[in-house]
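The values are calculated or read from the model by the stated rules, or taken from the named source; none is laboratory data. Because the structure is a prediction, the values reported are computed rather than measured. When we count neighbours, we look across all protein chains shown, and the Cβ atoms used for this are built from the backbone with ideal geometry, even at glycine. SASA here: full protein model, heavy atoms, side chains in, ligands and nucleic acids out. Shrake-Rupley method; radii C 1.70, N 1.55, O 1.52, S 1.80 Å.
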Amino acid sequence: MNFELRIFDPSLVSREKCDVYLLLVSDAFQAGKDALSVLITKALKAGDLEAKSGKLLDIYRPIGFAATHLVLVHVGQGAIADVRKGIAAAASAVKAAKPRQVRLGFLQQPDAPMLRVAVTTLAEVSYAYTTTKSDKQGRSIQQVTVAVPDDKALGASFARAVAAVSGIELAKEWGNRPANYATPTHLAGVAKALAKFSRIKVDVLGQKDVSKLGMGALLAVAKGSDEPLRFIVMRYNGAAKSDAPVVLVGKGITFDSGGISIKPAAEMDEMKYDMCGAASVLGVFRALAELQPDINVVGLIAACENLPGGRAVKPGDVVTSMSGQTIEVLNTDAEGRLVLCDALTYAERFKPKAVLDIATLTGACVVALGAVRSGFFTADAQLSAALLAAGESSQDLCWQMPLDDEYAEGLKTSFADVANVAGRSGGAVTAAKFLQRFTAKYRWAHLDIAGTAWKSGAAKGATGRPVGLLLDYLLDQVEAGPVD
Ligand code: BES
Ligand code: MN
Ligand code: ZN
């Protein structure tokens, strides 16, 4: 799908040839003398276009217009949620017509988040997964032209929105692939392919390398599977070497059966999505490749399968992490924190400005926040504010969760420095407290995306979250300048 930004001229709309022309009409609509204004005014007056967000009027081959479908979409007062709702409704309404060329006209100048949401929503509703289907016909839309009153003012925001779509769609593709089409080796291949872009370098470590590094926790999880593990190190170098990078750490469990502490059969297929944290790191690198910002970013992906097997780690086994801390594996299904803790220790070597880990870590986070906001944990006020702001600007929302030390009580054990699980209550927080033990050397935040990375049920599929949030976090850092 190709995106283009243009200037909006109401008097020219009638001449624009396309399959679908989506026109966003808000309460602030003021009629001019052009044919379009006359049409909108009539439609509103007659009640054929209801003045309520999400309501639309699809006009087929309107006389005097070159577009096959002219869709007037009401977006109420024009709040960001209204724009999203309106575009989603309109795009779904014309989906059956299989449009190739779509135009999206803003009568009023949108702000950057509004434009962003327009672009990402159009991409989202037209997305189609095909990789493991014999019918390879994907989305119908080939070309999207977005028209705004002042295109010059929005050039950079538009580029960011389009890059976000590339990143989100890469994350969705890899999230959606079944585990036998998305092994740790496949993920390493995706990372290596990204190294073709300017400023990106990729190293892939295997079992021998991580053994040498002493990553006993990652090794313990990987042991139950015949599928070889991969530890992926990606670098995006857009600034001076002396400029400390932000490190992104992705959980890359390409399938989580639970291991010996095996999960029930129902919905176990969804555990192919347990690498969505890793996919979001790959997605961010895809967007960076496109935007080429002047920052340094490191991406680390700890990838393996979590399976039961003759060599699998057993409940009660004690393993030694790269940090030297010993861990009693009381539940082999709490494997994400095990692979992440070694990656977090590895992150120290980059002397990072900040480290963010992204993981489908706990069912408890799904219970706490559902599918609307990702949970994040940090002891750093600046990082917290930056993540909340990035969530808002990208409309990839998040919410801060606590990190009080009392939550770590349940992780105590007589047989190791720490246990990998505590009791049932506060499960998302105890997982974060476990990770926090490995992050003393830098500013850190943990994002639990278990509820937001994919949708269950009839519309099952990866969402590409939180690529949008991470991208805005990274790019807003450059604009804000260095932090102390
Ligand atoms: N990948 C899962 C978390 C998960 C579960 C995400 C369901 C989305 C939906 C993780 O590895 C896991 O199994 N966590 C356990 C932790 C427990 C054993 C302490 C969980 O949440 O049940
Ligand atoms: Mn698990
Ligand atoms: Zn898992």
One residue from LYS42, LYS95, LYS136 being more than 24 Å from LEU170 (Cβ to Cβ) and either basic (Lys, Arg) or open to solvent by 70 Å² or more (accessible area, probe 1.4 Å) (or both): LYS42
Residue count, region 395-450 (criterion: within 16 Å of ligand 2 (Cβ to nearest atom) and at pLDDT below 95): 1
Residue within region 202-223 that is at negative phi, touching a Phe, Trp or Tyr at 6+ places or on another chain (Cβ under 8 Å) and within 16 Å of ligand 2 (Cβ to nearest atom) present: yes
Residue selected from region 315-349 under the condition more than 24 Å from LEU248 (Cβ to Cβ) and within 14 Å of ligand 3 (Cβ to nearest atom), by the criterion farthest from the chain's Cα centre (by Cα): VAL329
Number of the exception - VAL372 against (1) within 16 Å of ligand 3 (Cβ to nearest atom); (2) under 14 Å from the mean Cα position of the chain (by Cα); (3) open to solvent by 70 Å² or more (accessible area, probe 1.4 Å): (1)
Any chance GLU392 is charged (D, E, K, R), more than 16 Å from ligand 3 (Cβ to nearest atom), in a helix (DSSP H, G or I) and touching a residue at least 40 places away in the same chain (Cβ under 8 Å): yes
Filtered residues of region 349-363 (kept if open to solvent by 40 Å² or more (accessible area, probe 1.4 Å) and within 14 Å of ligand 1 (Cβ to nearest atom)): GLY363
Odd one out for LYS98 among (1) at positive phi; (2) touching a Leu at 6+ places or on another chain (Cβ under 9 Å): (2)
GLU409 being over 25 Å from GLY224 (Cα atoms), in the same structural domain as CYS304 (by TED's automatic domain parsing) and within 16 Å of ligand 1 (Cβ to nearest atom): yes
Only listed residue being open to solvent by 20 Å² or more (accessible area, probe 1.4 Å) and hydrophobic (A, V, I, L, M, F, W, C), chosen from ALA389, ALA450: ALA389
Residue within region 291-307 that is open to solvent by 10 Å² or more (accessible area, probe 1.4 Å) and within 14 Å of ligand 3 (Cβ to nearest atom) present: yes
Filter pass, GLY464 being in the same structural domain as GLU348 (by TED's automatic domain parsing) and over 30 Å from SER321 (Cα atoms): yes
Subset of region 432-447 [assigned to a helix (DSSP H, G or I), touching a residue at least 40 places away in the same chain (Cβ under 8 Å) and closer than 18 Å to THR326 by Cβ]: PHE434, LEU435, GLN436
Output for region 75-105, where each listed residue is in a strand (DSSP E or B) and in contact with a helix residue (DSSP H, G or I) (Cβ under 9 Å, 6 or more places away or on another chain): VAL102, ARG103, LEU104, GLY105
Filter result (within 19 Å of ASP342 (Cα to Cα) and in contact with an Asp or Glu (Cβ under 9 Å, 6 or more places away or on another chain)) within region 231-246: PHE231, ILE232, VAL233, MET234, ARG235
Subset of region 145-166 [out of contact with any Ser or Thr (no Cβ under 8 Å at 6 or more places or on another chain) and either open to solvent by less than 10 Å² (accessible area, probe 1.4 Å) or among the hydrophobic types (A, V, I, L, M, F, W, C) (or both)]: THR145, VAL146, ALA147, VAL148, ALA153, LEU154, ALA156, PHE158, ALA159, VAL162, ALA163
Verdict on LYS314 being surrounded by fewer than 24 Cβ atoms within 10 Å (Cβ to Cβ), more than 14 Å from ligand 2 (Cβ to nearest atom) and in a loop (DSSP other than H, G, I, E, B): yes
Filter pass, ILE327 being within 16 Å of ligand 2 (Cβ to nearest atom), open to solvent by less than 40 Å² (accessible area, probe 1.4 Å) and over 23 Å from LEU194 (Cβ atoms): yes
Within region 13-37, tally of residues that are assigned to a helix (DSSP H, G or I) and either surrounded by 13 or more Cβ atoms within 10 Å (Cβ to Cβ) or among the hydroxyl-bearing types (Ser, Thr, Tyr) (or both): 5
Single residue of region 237-272 satisfying the filter (in a helix (DSSP H, G or I) and farther than 15 Å from ASP333 by Cβ) that is least open to solvent (accessible area, probe 1.4 Å): LYS272
